[in-house]
1. Being under 20 Å from Glu108 (Cβ atoms), of a type outside the set (Phe, Trp, Tyr) and out of contact with any helix residue (DSSP H, G or I) (no Cβ under 6 Å at 6 or more places or on another chain) is the filter here, so list the residues in segment 80-97 that pass it.
2. Which residues, counting only those in segment 39-63, are surrounded by fewer than 17 Cβ atoms within 10 Å (Cβ to Cβ) and more than 15 Å from Glu101 (Cα to Cα)?
3. Could you please find all residues in segment 74-96 being under 14 Å from Lys44 (Cα atoms) and β-branched (Val, Ile, Thr)?
4. Looking for something under 23 Å from Arg39 (Cα atoms), under 18 Å from the mean Cα position of the chain (by Cα) and of a type in the set (S, T, N, Q) - is there at least one such residue anywhere in segment 55-77?
5. So which residues in segment 136-155 are closer than 16 Å to Gln87 by Cα, crowded, with 21+ Cβ neighbours inside 10 Å and among the hydrophobic types (A, V, I, L, M, F, W, C), if there are any at all?
6. State whether the residues of segment 110-126 include one that is buried (at least 20 other Cβ atoms within 10 Å of the Cβ), touching a strand residue (DSSP E or B) at 6+ places or on another chain (Cβ under 6 Å) and of a type in the set (Ser, Thr, Tyr).
7. Where residues in segment 78-109 are closer than 17 Å to Val145 by Cα and charged (D, E, K, R), which of them is modelled with the lowest pLDDT?
8. Right, Val117: closer than 16 Å to Tyr88 by Cβ and of a type in the set (A, V, I, L, M, F, W, C) or not?
Amino acid sequence: MKLILQLSSAVILLLAVLAEAGAADKTPAAGSAAPPAQRNKMTKMSVDEARKKAPFKVLEPAYLPKGVSYVETRYVEFGDQTFVVLQYEFTGQKRYFQVDEYPAGAPESAWPGAKEVQIGESKGQAMPQHGLSIIRWTQDGTRLVLNGAIGEAEALKIARSFK
């Protein structure tokens, strides 16, 4: 799972580099303004720092299963998108899960085959696969996606505790 999370971070950085390279190759048409500079970076910071910096409400779980500990927060700026990643680890087990947070209006893809779940007052979607769970929902203007090596029941319990 750690490899998957490292690959996820590597993909984000690769996309950022490619987007920057693509933007550098484009010359504005005569008479048009140059596009705004792209923001493509990932910064490790505390949850409190992310709360102060993010253009949306950064939430965190009030409940974590026994043996789970917080690892880090990553603040990601990619083009005109900003998101925050909270990473957690099952101590000593090399099993991880993370929560991606971004503004509720950010574009996202459809999830064919996902089932509807209730998370507080919000409806969300869950898609468990091969010992991994992915759950997404919107809360207080923030879109959240919890994903990783965690069972669906435990993932839902964590999701329902976000404040």
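The values are calculated or read from the model by the stated rules, or taken from the named source; none is laboratory data. The structure presented is a predicted model; accordingly, all values stated were derived computationally and were not measured. Please note: Cβ atoms are built from the backbone with ideal geometry, for glycine as well, and neighbour counts cover all protein chains shown.
1. Of the residues in segment 80-97, the ones under 20 Å from Glu108 (Cβ atoms) are 80-86, 97.
Still in the list and also of a type outside the set (Phe, Trp, Tyr): 80-82, 84-86.
If the condition is that a residue be under 20 Å from Glu108 (Cβ atoms), of a type outside the set (Phe, Trp, Tyr) and out of contact with any helix residue (DSSP H, G or I) (no Cβ under 6 Å at 6 or more places or on another chain), then Asp80, Gln81, Thr82, Val85, Leu86 are the ones that fit.
2. Step one: filter segment 39-63 for residues surrounded by fewer than 17 Cβ atoms within 10 Å (Cβ to Cβ), giving 39, 41-49, 51-53, 55, 57, 62-63.
Listed by number, the residues that qualify are Arg39, Lys41, Ala62, Tyr63.
3. Matches in segment 74-96: Val76, Thr82, Val84, Val85.
4. Within segment 55-77, one or more residues are under 23 Å from Arg39 (Cα atoms), under 18 Å from the mean Cα position of the chain (by Cα) and of a type in the set (S, T, N, Q).
5. Leu144, Leu146, Ile150, Ala155, listed by residue number.
6. Within segment 110-126, the subset buried (at least 20 other Cβ atoms within 10 Å of the Cβ) is 119, 124, 126.
Now restrict to residues that are touching a strand residue (DSSP E or B) at 6+ places or on another chain (Cβ under 6 Å): 119, 124, 126.
This time we only want the ones that are of a type in the set (Ser, Thr, Tyr), so: none.
So far as segment 110-126 goes, no, none of its residues is buried (at least 20 other Cβ atoms within 10 Å of the Cβ), touching a strand residue (DSSP E or B) at 6+ places or on another chain (Cβ under 6 Å) and of a type in the set (Ser, Thr, Tyr).
7. Going through segment 78-109, the residues closer than 17 Å to Val145 by Cα turn out to be 81-89, 96-109.
Narrowing further to those that are charged (D, E, K, R): 89, 100-101, 108.
On the way: Glu89: 96, Asp100: 97, Glu101: 97, Glu108: 77.
Only one residue fits best here, namely Glu108.
8. Numbers: closer than 16 Å to Tyr88 by Cβ: no; of a type in the set (A, V, I, L, M, F, W, C): yes.
It is false that Val117 is closer than 16 Å to Tyr88 by Cβ and of a type in the set (A, V, I, L, M, F, W, C).
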